[in-house]
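The values are calculated or read from the model by the stated rules, or taken from the named source; none is laboratory data. This structure is a prediction, so every number in the text was calculated from the model and none was measured. In this analysis, Cβ positions are derived from the backbone assuming ideal geometry, glycine residues included, and neighbour counts consider all displayed protein chains. Accessible surface is based on the protein model in full, side chains and every heavy atom, while ligands, DNA and RNA are left aside. Shrake-Rupley method; radii C 1.70, N 1.55, O 1.52, S 1.80 Å.
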Amino acid sequence: MPPRIVIRSMKRSLIAIALLAPSFVFADDDATPDYAADVYPVLRKYCQGCHDVDEANGELRLDSFALLMKGGENGKAIVPGEPDESLLLKLVEKKAEPFMPPEDNAAPTAAEIAVLRKWIAAGAPRGIGVVDRFALVTPTVEPTAKVRVPVNEVARHPTKPLLALARHGRVEIVIGKTRETSATHEEPVGAVNDVRFSGDGRLLVAAAGEPGLYGQAIVWHVDEPKPPLKITGHRDALLAAAISPDGKVVATGSYDSEVKLWDVTTGKELRTLKGHNGPVFDLAFHPNGKLIATASGDRTVKLWDVATGKRLDTLGQPEKEQYALAFSPDGRFVVAAGVDNRIRVWEVTAGGREGTNPMRMRLSTPAATTNRPSGEKARAYCSFSGWPSV
């Protein structure tokens, strides 16, 4: 497992331990718990894994107040003013089966259950608090030594001697020859896992986010003093981001196995590409902008139609996770590399339809392709002027 993935897994575990641990200390013991501040965090911590937009067991969703009060296939989950008649509380207090959460999952503490009961008894009011779906509560750990901030990814400007360096919480723009830092962007949240310039060099996009919570893509105007576009989406941190050849669409790939397309001007989500069964480690637009290729931990490379979001083909020859891919400059080929220490080359037809994109070459490579930086090797191979004839 590559170092960056190990770190990411460790970080996800730490967050799972520390995630949303509210104190439940009220200034007034008789005060009614607030839905947004006190109730929602408990539901998200213990229940939303099986009761949200992606998995609504029993047709019950708990990711919004309205859906909570609506209930599911077994009726109302909450009966305002009647905690002993509220199904959700009876299951959590193990007074009715099936007990919830399931036996092998973490369960609410007595204090957290008391908050739910007190809130229901008070009429289960919505209140005026704002629900922060992306709130994260973690302990403060002071470093005992200088904190290293490694470079996770590097992008080269297409026409200027500039490099973009992706680090934790920031992107640095460096002048290549002098190594002088000309700008530092500190808007990203969490580790910046990918950074790329647009084809014309006008835009720069970074992929970041909080593992286990959400992804964040940020788009900067390289030569203009405009505020950056911040895009928040996905259910996990972003691992890859790219800008379409016409500069109108941003594509993001996440640990949550999904790819999303966004309007680069407004940040509006255009469509979601679902089909991978593992993290999306890399993605690339075809030079004509009509296709997009994705590399995943599910051991596949997939081709998609940008206009419709339809999956066109799954290239399933890889034997292990695929970390990097690129199209050749003329768009005839797509190249991918991964944990199996192979670089594979497929010829891509104009429409990319299923079964029409044969593998033309497979190259054995050093073990370096088992980590993400090998993507630069795959991309460099695509840029090689002496493309092999096939």
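Data table
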| read-out | value |
| --- | --- |
| Centroid-to-centroid separation of region 179-245 and region 247-323 [C-alpha atoms, Å] | 17 |
| Relative contact order (percent, whole number), region 209-268, Cα cutoff 8 Å, 6+ residue spacing | 28 |
| Accessible-area value, PHE197, 1.4 Å probe, nucleic acids and ligands omitted, Å² | 30 |
| Separation in nanometres of the label points that stand 7 Å from Cα toward Cβ, at THR184 and GLU82 | 6.0 |
| Net charge of Cβ neighbours under 11 Å - reference LEU60; Lys, Arg +1; Asp, Glu -1 | -2 |
| Percentage relative contact order, region 67-167, counting C-alpha pairs under 8 Å, at least six apart | 17 |
| Where a label projected 7 Å from the Cα of LEU270 along Cα→Cβ would reach, residues of region 225-242 with amide N under 18 Å | 229-234, 240-242 |
| Calculated FRET efficiency for the pair ASN74/THR308, C-beta based, R₀ 41 Å, to 0.05 | 0.65 |
| Carbon/sulfur fraction of accessible area - region 45-189, other protein chains in place, 1.4 Å, % | 54 |
| Residues LYS320 and VAL141, FRET efficiency given R0 of 41 Å [Cβ-Cβ distance, rounded to 0.05] | 0.75 |
| Rounded if a/c under 1.5, otherwise prolate or oblate - region 64-123, Cα gyration tensor axes | oblate |
| Peptide ranges 64-74, 78-88 listed from the most packed, as the mean C-beta count within 10 angstrom indicates | 78-88, 64-74 |
